[in-house]
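Structure, as structure tokens:
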Amino acid sequence: MAKINIGDLAPDFELLNQDGHPVRLADYLGKKNIVLYFYPKDETPGCVKEACGFRDSYEDFLAAGAEVVGVSADSVDSHKAFQYNRRLPFQLLSDPGNKLSKKYGVTASLMGFLPGRETFVIGKTGRVLHHFSSHFQIDGHITEALNVLKTAPE
């Protein structure tokens, strides 16, 4: 599992969103910056707090020229319910077997039982502009991503 560093090209992907439609990173390249955040599990306390934090700041992300995309190993149906229950305005992607999280080098947390909580800010060119990893500083994922986008050269 390779670690993705700032300045690296972000690995492309194709995963299904909460509506069962395929989504690729390439769909956004040249158009928008992407805030790709990996989280452990739908409807768990920390993940609800994080998703609602992104939701509550979503207009700020749009104003900064970015789209927010959440990723976890949960099913399409689970994501659909999570999105509906929490009124999330952004896409949630299903990553069966954590294949994409492994591609991005997301490390397991909580003694290896749950996938990590990591956020990547990806510029319009596909380069990683920022990476934030913290299982417990949930608000940091939102504030750090917004701060980077406000000063992003792309």
Open item on the list: Out of the trypsin sites (Lys or Arg not before Pro) in region 1-85, which ones are loop residues according to DSSP with at most 16 other C-beta atoms within 10 Å?
Closed with: K3, K31, K41
TODO: Using a 1.4 angstrom probe on heavy atoms only, work out the carbon and sulfur share of the accessible area of region 65-112 in %.
DONE: 55 percent
Open item on the list: How charged is the neighbourhood of D56? Take every other residue with its Cβ under 15 Å from the Cβ of D56, and add Lys/Arg as +1 and Asp/Glu as -1.
Closed with: 0
Task: Neighbour count of at most 10 Cβ within 10 Å plus DSSP loop: longest chymotrypsin sites (Phe, Trp or Tyr not before Pro)-free window in the chain - done: 1-112
Open item on the list: Can you tell me which aspartates and glutamates have their Cα less than 18 Å from the Cα of K150? Leave out same-chain residues fewer than eight positions away.
Closed with: D56, E59, D60, E67, D139
- [ ] Jot down the radius of gyration and Dmax of region 74-154, Cα atoms only, both in angstrom.
- [x] 14.0, 37
- [ ] Would you check the accessible area of K150, probe 1.4 Å, heavy atoms only, in square angstrom rounded to 10?
- [x] 150 Å²
Open item on the list: Using only the alpha-carbon atoms, what does the chain span along each of its principal axes? Please give whole angstrom values in decreasing order.
Closed with: 35, 33, 30
Task: Total charge dipole magnitude, the chain, about the Cα centre, Cβ charges on Lys, Arg, Asp, Glu only, Debye to nearest 20 - done: 200 debye
Open item on the list: About the Cα centre, and with charges only on the beta carbon of Lys, Arg (+1) and Asp, Glu (-1), how big is the dipole of region 10-89? Nearest 20 debye, please.
Closed with: 100 debye
Task: Lys pairs under 14 Å by Cα in region 1-108, provided they are eight or more residues apart or on distinct chains - done: 5
Task: Euclidean distance between Cα centres, region 1-76 to region 131-150, Å - done: 13 Å
Open item on the list: Taking every DSSP beta bridge with both residues inside region 1-102, roughly what % is antiparallel (nearest 5)?
Closed with: 35 percent
TODO: May I ask you to list the GluC sites (Glu not before Pro) in region 8-60 that are in a DSSP loop and have at most 14 other Cβ atoms within 10 Å of their Cβ?
DONE: E43
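The values are calculated or read from the model by the stated rules, or taken from the named source; none is laboratory data. These figures come from a predicted structure and were not determined experimentally. Glycine gets a Cβ as well: all are built from the backbone with ideal geometry, and neighbour counts include every protein chain shown. Heavy atoms of the whole protein, side chains included, go into the accessibility calculation; ligands, DNA and RNA do not. Shrake-Rupley method; radii C 1.70, N 1.55, O 1.52, S 1.80 Å.
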